[in-house]
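K.L.:
Before anything else, here's the structure in question.
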């Protein structure tokens with residue numbers, strides 16, 4: 001787990017998102033399918049245009065298993081209508097958010113709810129308003145994924161949108177998902193001008209996110225970062241090597257950088273590791289990665305492909321081969337069996 005000063009997600013929440021949510025006169029917008037149904041707030045402007053291409057109903061490819069749900073997308077216009085709501089907030093600058101027959105020019109500190117079924121930008125075109133080539137903006141997004149909450153931060157300039165690896169996370173506490181759903185329902189069922197309860201739900205959600213970010217209750221796509229990991233000088237170097245692999249299993253680990261971390265030559269480390277543990281370094285690292293893969297298959301909604309990358313396998317085929325060899329089944333079969341077993345326990 002990273003220290004607070006190094007935890008970028010925590011800093012985004014405390015330094016940017018939380019102050020905006022706690023400010024007086026919070027600005028709310030609820031997107032609609034068509035512009036004539038909008039309730040505009042004073043700070044947001046609307047521009048007219050319409051999707052030029054044809055909408056296609058399909059299963060949208062995703063990194064997350066439970067978000068592979070039926071949606072409609074407009075490939076030519078880079079629009080997508082999903083079955084889950086999405087909440088966004090402009091943290092810096094101003095953003096041009098595309099919808100089916102309009103776009104919203106959203107300034108900093110405005111929160112916009114995109115209900116399920118509303119066509120909106122798929123995140124490929126830049127969010128920078130046209131005519132300002134030197135501008136940039138930063139937006140945070142939240143949406144429910146299965147029982148968890150997906151949170152990501154996107155930085156835009158006039159050329160593209162960039163979502164940093166550290167800023168694309170899945171919060172595991174199921175209550176956060178519930179807070180977001182309650183917030184969505186409140187905004188949809190009441191007039192936006194009477195958003196007192198919605199504002200309280202938003203602040204409750206952000207407080208929960210901050211607590212989970214502080215405690216490390218989230219997964220970072222690609223790997224789990226542990227920059228606070230330090231070697232203990234007095235520890236056995238073989239135990240140091242094991243601890244290093246226990247923490248950095250999602251990264252590329254070579255014998256050379258492992259030997260450097262524990263202060264030994266490559267040859268001496270390889271020989272002593274085998275003598276002390278009865279396993280080679282590759283065998284130990286593989287077991288650690290597969291054990292973490294089993295844990296993620298059981299308790300998360302990430303797809304098998306995403307999990308294989310998280311635990312350090314860049315080849316999904318190789319991951320499947322190793323998993324079947326060690327566990328006697330495929331990753332998906334393991335997940336299905338795990339969930340079936342848990343369901344039977346709950347029914348007893």
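The values are calculated or read from the model by the stated rules, or taken from the named source; none is laboratory data. Small disclaimer: the values here were computed from a predicted structure and weren't measured. A quick note on method: Cβ atoms are made from the backbone with ideal geometry, for glycine too, and the neighbour counts reach across all protein chains shown.
K.L.:
I need a count of the residues in segment 19-52 that are part of a helix (DSSP H, G or I), over 19 Å from residue 81 (Cα atoms) and without any contact (Cβ under 8 Å) to a residue 12 or more places away in the chain.
P.N.:
1
K.L.:
From the list 243, 301, 256, exactly one residue is surrounded by fewer than 13 Cβ atoms within 10 Å (Cβ to Cβ), modelled with pLDDT under 90 and not assigned by TED's automatic domain parsing to the domain that holds residue 145. Which is it?
P.N.:
Testing whether each residue is surrounded by fewer than 13 Cβ atoms within 10 Å (Cβ to Cβ), modelled with pLDDT under 90 and not assigned by TED's automatic domain parsing to the domain that holds residue 145 leaves just 256.
K.L.:
A further question follows. Could you identify the single residue in 339, 288, 335 that is closer than 28 Å to residue 170 by Cβ, loosely packed, with under 13 Cβ neighbours inside 10 Å and in contact with a helix residue (DSSP H, G or I) (Cβ under 8 Å, 6 or more places away or on another chain)?
P.N.:
Of 339, 288, 335, the one residue that is closer than 28 Å to residue 170 by Cβ, loosely packed, with under 13 Cβ neighbours inside 10 Å and in contact with a helix residue (DSSP H, G or I) (Cβ under 8 Å, 6 or more places away or on another chain) is 339.
K.L.:
Can I ask one more? Would you confirm whether any residue within segment 67-86 is closer than 17 Å to residue 138 by Cα, modelled with pLDDT of 85 or more and in contact with a helix residue (DSSP H, G or I) (Cβ under 8 Å, 6 or more places away or on another chain)?
P.N.:
No, segment 67-86 contains no residue that is closer than 17 Å to residue 138 by Cα, modelled with pLDDT of 85 or more and in contact with a helix residue (DSSP H, G or I) (Cβ under 8 Å, 6 or more places away or on another chain).
K.L.:
Going by the conditions given, is residue 278 loosely packed, with under 15 Cβ neighbours inside 10 Å, modelled with pLDDT of 90 or more and either at positive phi or touching a strand residue (DSSP E or B) at 6+ places or on another chain (Cβ under 9 Å) (or both)? First the steps, then the outcome.
P.N.:
Values: loosely packed, with under 15 Cβ neighbours inside 10 Å: yes; modelled with pLDDT of 90 or more: yes; either at positive phi or touching a strand residue (DSSP E or B) at 6+ places or on another chain (Cβ under 9 Å) (or both): yes.
So residue 278 passes the test.
K.L.:
For segment 174-190, how many residues meet the condition of being crowded, with 18+ Cβ neighbours inside 10 Å and modelled with pLDDT under 85?
P.N.:
Residues meeting the conditions: 0.
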